[in-house]
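Asker: Below is a structure I'd like to ask you about.
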C-alpha cells in the first residue's frame, strides 16, 4: 500500500477514499488519515478566522469613519462576505464556530481599522457590535457609496451654516438631529470635566506619587488644569451646577472604582467611599483639597 511519503498526496488521498468506499478498513493508513483530516479541519477553521479579520476591519471603518465609505471598501465587504459564505457552504460544520471566530478576529480587526484610518482605539467598541447574522447580511451596509454629510465632512463649515440659519430664523434647512447632539454634548462636556477633576483630586490626595517632588509637580499641574476646565464648563450655566451636584456622588464613586482598579501607581490609602468634597468647593477657584500635600507655589 502506498503511503503519503511514497507518492503524490492527491493519489494517496484518492487511494484512501477508494478503500473507504470498499470498506477495506484494515488497509487504511489510519494514523496518517486522521492527521490529514485534522489538518484540513484546522485549515478551514483558520480560513474562517483569517477571513473575518479583513471583513470586520472594513465594516468598522464603514460604520465609524464616514470618510472611509467609498465604493472600493463596499466591494471589499461584499467580496469578504462572499468568501465566507462559500466557505460555510462547503463546510457547514464551521457555522457553530462563528461566534468564537468573531471573538478571536474582532480585536485584530479593531487594531487594523484604527491604523487604517487613524482613529483612536477608544473610538471603536471593545467588543464586536454586530450579531453574526448581520456580518453576513448582504443588505448592510449598502453596497453603494453614500454621500458624506457636511457634519462629518467639515464640522467647522457645518457649524457656521447652522449658526447662520439660526440667526436668520430659517428652520427649513436646520440639521435638527446633529444640532440636538451638539446641545446634549454641552452637558456631557461638563460631566466629563467633573469626572476628570475628581480623578485628579483622588490622585493628588491618595496616590503614593505625592511623596515624589517631581511627580507631585505634575499632579499639581494636572489638578490645576482639570479644576479650571470644570469651572469653565459651568460658567454662565447655573442649571449645570444643579445637575452636577446631583450627579456628584455617582461620578465620584465611578472615578474611585476606576482608580482602585489601577495597580500603578499604588495608592497610599484608600479614598473614602463618599466624596469628601462638595461641588461648591470644586468650583471655587481657590480650592485646594485639604487631604493633599501643600500646594506648590
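Asker: Residues that are at pLDDT 80 or above and exposed (fewer than 12 other Cβ atoms within 10 Å of the Cβ): which helices (runs of 4 or more DSSP H) entirely in the stretch 121-198 hold 3 or more of them?
Answerer: Once the helices (runs of 4 or more DSSP H) in the stretch 121-198 are filtered for at least 3 residues that are at pLDDT 80 or above and exposed (fewer than 12 other Cβ atoms within 10 Å of the Cβ), what remains is 155-167.
Asker: Exactly one condition in (1) surrounded by 13 or more Cβ atoms within 10 Å (Cβ to Cβ); (2) outside any helix (DSSP H, G or I) is false for residue 290; which is it?
Answerer: Unmet for residue 290, out of (1) surrounded by 13 or more Cβ atoms within 10 Å (Cβ to Cβ); (2) outside any helix (DSSP H, G or I): (1).
Asker: While we're looking at this one, here's another question. Quick check: anything in the stretch 200-209 farther than 17 Å from residue 290 by Cβ and either modelled with pLDDT of 90 or more or out of contact with any helix residue (DSSP H, G or I) (no Cβ under 8 Å at 6 or more places or on another chain) (or both)? Before the answer, list the steps.
Answerer: Within the stretch 200-209, the subset farther than 17 Å from residue 290 by Cβ is 208-209.
If we keep only those that are either modelled with pLDDT of 90 or more or out of contact with any helix residue (DSSP H, G or I) (no Cβ under 8 Å at 6 or more places or on another chain) (or both) as well, we get 208.
Yes, the stretch 200-209 contains a residue that is farther than 17 Å from residue 290 by Cβ and either modelled with pLDDT of 90 or more or out of contact with any helix residue (DSSP H, G or I) (no Cβ under 8 Å at 6 or more places or on another chain) (or both).
Asker: Then there is this: Under 8 Å by Cβ, and 6 or more places apart or on different chains, what pairs join a residue from the stretch 240-254 that is not assigned by TED's automatic domain parsing to the domain that holds residue 191 with one that is not in a helix (DSSP H, G or I)?
Answerer: none
Asker: Scan 265, 272, 276 and give me the residue that is in a loop (DSSP other than H, G, I, E, B), over 21 Å from residue 297 (Cβ atoms) and without any contact (Cβ under 8 Å) to a residue 12 or more places away in the chain. Before you say what the answer is, go through the steps one by one.
Answerer: Working: 265 fails: without any contact (Cβ under 8 Å) to a residue 12 or more places away in the chain; 276 fails: without any contact (Cβ under 8 Å) to a residue 12 or more places away in the chain.
Residue meeting the stated conditions: 272.
The values are calculated or read from the model by the stated rules, or taken from the named source; none is laboratory data. All values reported here derive from a predicted model rather than from experimental measurement. So basically every Cβ, Gly included, is an ideal-geometry build from the backbone, and we count neighbours across all protein chains shown.
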